[in-house]
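> Just passing along the structure, written as structure tokens.
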Amino acid sequence: MKQLLLLLLLLLTPALSLHAQWYDPAKVPLKLSYKYGTALNEAKSRNYVKALQLLNECIAEDKRFVDAWLSKAGILSEQKQYNESVELYRLAIRLDTVYTTTFQLPYSIALAGRGLFAEALQAVDRFLQKPNLNERILKAAQYRKRCYEFALNHARENNDTGFVFTPRNLGDSINSPVSEYFPTLTIDGRQLVYTRRVNNINEDFYVSEYKGNRWSRSMPVPGDLNTADNEGAQNISQDGKMLVFTGCNMDDGEGNCDLYVSYITKNGWSPRLNMGRTLNTGFWESQPCLSPDKRTLYFAARDPSGLGGSDIYVSYLQPNGKWGPPQNMGPGINTAGDESSPFLHADNQTLYFTSNGHPGYGGTDLYFMRRQSDGSWGQPKNLGYPINTIDDEGTLVIAADGITAYYASDGADSRGGLDLYTFQLPASVRPVKTLWVTGTVFDQHTKAGLPSAVELLDLQTAQLISKVQTDEDGTYLITLPVGRNYAFNVNRKGYLFYSETFALGTPGSDTTYRIDIPLQPLEINARIILKNIFFRTNEAQLQQESMIELDKVVQLLADNPTLRIEIAGHTDATGTEAANLLLSNNRARTVVNYLVSKGVAPQRLTAKGFGAGQPVADNQTEEGRALNRRTELKVIGK
């Protein structure tokens, strides 16, 4: 609902009560009335500068010209200059409290725009007391009343103490006299890709690199992606190697707007590739977002079978490398209104989106949901004021730190149109801070990169958190949301698997990892350390978290039915030699017994304890002793 159109409608409606008022529009001098009418026509055509000039002239001639003050307040409200608008409405109300009762609805909108929701509710209640309101205006007032009540309830229930909303313009290196929007980041926060409306006509992709403590001057993305057609509403994968985006009215499209993909190459971004008829229809598909492992795709679509105008859908990558049929995410997120602009954070647990169908502040608000332990999504929650306002809010993306957010806005310091801004999220709406591990998987002997499967599992629940495939060169990136302890596995047929542990369950984790992984071919004497086998101190009983790793060993033996292995136990130098030897033997036998219980033939397994006799680190430090306490797997027969 456009505020100015409503104001004009009210201005053209006869005053609902002239009782005890002194101001009478019919008594305005004809010449002044004509100038005022001209100002209204200019405002209706959105020539606001000229309209304000004429209104100021009217006020200069008659400082008690109530309609002129009200109309100026309405135009400033339409321009989102709510502070000034509220003051002018208050001035007009002081001039004539009776005549201005009719304008309590637009006054309430200006108050809410300023964040004064309690006063806005009082104003709209005064307006609703007027008799004989026409149905259209009555519905508009009731809608605003619900919004103000929501705002007050949300403030009571969600108190972010100390949160100050201070958006910062990203500056001239990124923003220009034309519009910039749809920001998207790689996980390291070093690459920002966004849409720019070139010459205010053609949408293209631009990129800026974060170097030192500043963004470099943005340039068109390299390669063959930008064309004379409109490319926009993009999302870059966390590793920066894949870009999914929207193309509208393309010659290879299925409908008016379709989903496309491009891949990074040595020469920049590849030409666009339509993502196919499984995802794209004759209707509108747009605003795609990839999960961190690139195996799940979220997007907005307008489909007649949906729940509203625009709904959010999800598609899963199939084993054959094709995207599966899109699934409507259902009434938990979608409404009879419009839901769009999905953004899944790097934590793979927090989904942000926009909606005008859920209760909110008015227009389109930003919401978020968290993934539950069973994989379902929780209830949508409004991000709250002042991130959400009575105006339409657009896309939002959040860096891996879970704090730094980026969005597009036409703020007061805009270089022109929409600019990109950044701000800090309040604690209650933050996603989980997310670290990452990256590296290359290669053959230990030849050093050649190996395409491999990389898995991340929750050690406590054995839940698969992420599964990614390296590229052809063996490079990978996998995200590590803080707050859990993880088992990390790399697998390739014909090789021993690799395992690692990431203990991120304690506060203060702030490390990103580079791990290059030499995989060992399945050959005699090849060995690995099983880093996710856990025992209590001085005990040989396996802890539950060990089962993930042990089941990997079971699978290895099932895939290679002639393979024979030795399980070797090692201790640190604490305690006597005899005690350490006994403990290491018992631990090795416990592992072998588990494998046998899972169906592995006993003759394929050997258990051996070495005590503290084969250290791999200094026993004088706790870090060294921890490395020496280990379980190894060695190939002894093929």
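> Can you name every residue in the range 6-41 that is outside any helix (DSSP H, G or I), at pLDDT 50 or above and within 23 Å of SER108 (Cβ to Cβ)?
ALA20, GLN21, TYR23
> Kindly evaluate TYR385 against the criterion of being in a strand (DSSP E or B), in contact with a Phe, Trp or Tyr (Cβ under 8 Å, 6 or more places away or on another chain) and not hydrophobic (A, V, I, L, M, F, W, C).
no
> Still on this structure: Among the residues of the range 352-371, which ones are farther than 19 Å from ALA301 by Cα and among the hydroxyl-bearing types (Ser, Thr, Tyr)?
TYR361
> Have a look at GLU84, GLU57 and point out the one that is farther than 26 Å from PRO29 by Cβ and of a type outside the set (Gly, Ala, Ser).
Going through GLU84, GLU57 in turn, just one is farther than 26 Å from PRO29 by Cβ and of a type outside the set (Gly, Ala, Ser): GLU84.
> Identify the single condition in (1) modelled with pLDDT of 95 or more; (2) of a type outside the set (Asp, Glu); (3) in a strand (DSSP E or B) that THR446 does not satisfy, given that it satisfies every other one.
The one condition THR446 does not meet is (3).
> Under the condition of being of a type outside the set (Phe, Trp, Tyr) and touching a residue at least 12 places away in the same chain (Cβ under 8 Å), which residue from the range 212-221 is nearest to ILE403 (Cα to Cα)?
Per the criteria, the residue is ARG214.
> Here are the criteria: (1) exposed (fewer than 14 other Cβ atoms within 10 Å of the Cβ); (2) without any contact (Cβ under 8 Å) to a residue 12 or more places away in the chain; (3) outside any helix (DSSP H, G or I). Tell me which single one ALA617 does not satisfy.
Result: ALA617 passes all but (1).
> Okay, next question. Go through the range 324-376 residue by residue and tally those that are farther than 21 Å from LEU279 by Cβ, among the hydrophobic types (A, V, I, L, M, F, W, C) and surrounded by fewer than 23 Cβ atoms within 10 Å (Cβ to Cβ).
Count: 3.
> Inspect the range 422-432 for any residue being touching a Gly at 6+ places or on another chain (Cβ under 8 Å) and in a strand (DSSP E or B) and give the result as yes or no.
There is no residue in the range 422-432 that is touching a Gly at 6+ places or on another chain (Cβ under 8 Å) and in a strand (DSSP E or B).
> Which residue pairs have Cβ atoms closer than 8 Å, lie 6 or more positions apart in sequence or on different chains, and pair a first residue in the range 136-150 that is in a helix (DSSP H, G or I) with a second residue that is loosely packed, with under 13 Cβ neighbours inside 10 Å and not small (Gly, Ala, Ser)?
From residues that are in a helix (DSSP H, G or I), the pairs are ALA140/MET1; TYR143/MET1.
> Hey, another quick one. On the given criteria, is ILE567 under 23 Å from GLN541 (Cβ atoms), in contact with a strand residue (DSSP E or B) (Cβ under 7 Å, 6 or more places away or on another chain) and not in a loop (DSSP other than H, G, I, E, B)?
Answer is yes for this residue.
> A follow-up question, please. Within the range 207-245, take every residue that is over 25 Å from ASP471 (Cβ atoms) and within 22 Å of the chain's Cα centre (by Cα) and give me the one that is surrounded by the most Cβ atoms within 10 Å (Cβ to Cβ).
Only one residue fits best here, namely ALA233.
> Looking at the structure I just gave you, is LEU192 under 23 Å from the mean Cα position of the chain (by Cα) and under 16 Å from ARG415 (Cα atoms)?
no
> Taking the options ARG295, ARG302, name whichever one is charged (D, E, K, R), closer than 15 Å to VAL261 by Cα and out of contact with any helix residue (DSSP H, G or I) (no Cβ under 8 Å at 6 or more places or on another chain).
ARG295
> Residues that are within 21 Å of PRO481 (Cβ to Cβ) and either free of Cβ contacts under 8 Å to residues at least 60 places away in the same chain or not assigned by TED's automatic domain parsing to the domain that holds ASN560 (or both): which strands (runs of 3 or more DSSP E) entirely in the range 491-537 hold 2 or more of them?
Fully inside the range 491-537 and qualifying: 498-503.
> Scanning for something of a type in the set (Phe, Trp, Tyr), assigned by TED's automatic domain parsing to the domain that holds ASN267 and in contact (Cβ under 8 Å) with a residue 60 or more places away in the chain, does the range 186-204 turn up at least one residue?
Yes, because at least one residue in the range 186-204 is of a type in the set (Phe, Trp, Tyr), assigned by TED's automatic domain parsing to the domain that holds ASN267 and in contact (Cβ under 8 Å) with a residue 60 or more places away in the chain.
The values are calculated or read from the model by the stated rules, or taken from the named source; none is laboratory data. A quick note: this is a predicted structure, and the numbers were derived from the prediction, not measured. A quick note on method: Cβ atoms are made from the backbone with ideal geometry, for glycine too, and the neighbour counts reach across all protein chains shown.
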